[in-house]
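Please treat every number below as a calculation from the coordinates, not as lab data. This is a predicted model, so every value here is computed, not measured. Cβ atoms come from the backbone with ideal geometry, glycine included; neighbour counts cover every protein chain shown.
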Amino acid sequence: MPLAPLTLALRRLTLAAPLLALMACSGAPSRPEATSVDASTKTEDGVALRTDAQPVLTEQQALARIKDENSVYFAFGAAQVDAAGEAKLRAHAEHLKANPKLDVVLTGHTDDRGSRSYNLAVSDQRTLAVARLLQSSGIARSRIKRVSLGSEKPGVVCKSTACQRKLRRVDISYRE
């Protein structure tokens, strides 16, 4: 017995709806890795540029660019400040106490492992941990601004463990 056109349409819709729901729930497309760069995308000093106009540095250039005294590093997936980080933060707290017109900006970064939302959450937890240590050293909350970038703006393509470790950090900068 032939099915009525309405019944046939309902069956097709019933089959298509779960498939469309699954497609809508799929994650964001992964970011393509920069693998090769032609000469037209290099700056005068030889730094390669991504197609989105952000510089792609070699791992050595990236490691040299990060100033250790203004960065607190973290283990993979962790938000606890280690002893070396605490020592740096005590020095920064003393600098802030000696310069009451300065405010501090804490910028949290992660490596590129994990989802965007996970990395943003981890970088937020890291900036919060650093802010709390500064507050416990006598720096007012109103003088501390937190920015969590996750893995959004690394400016670096890292493959080695040493380079990845340098990406998991909170950078400390000052403003008046």
Name the residues whose placed amide hydrogens come within less than 5 Å of the amide hydrogen of ASP111, ignoring near sequence neighbours (fewer than 5 apart) on the same chain. ARG168
Counting only residues 5 or more places away or on other chains, whose amide H sits under 5 Å from the amide H of ASP82 once H atoms are built in the peptide plane? none
Karplus-derived HN-Hα couplings along the range 78-85 (A = 6.51, B = -1.76, C = 1.60, θ = phi - 60°), whole Hz, x at Gly and Pro: 9, 10, 8, 7, 7, 4, 5, x
Among trypsin sites (Lys or Arg not before Pro) in the range 81-166, those in a DSSP loop whose Cβ has at most 12 other Cβ atoms within 10 Å are LYS101, LYS159
Local charge sum around ALA87 (other residues, Cβ-Cβ under 13 Å, Lys/Arg +1, Asp/Glu -1)? -3
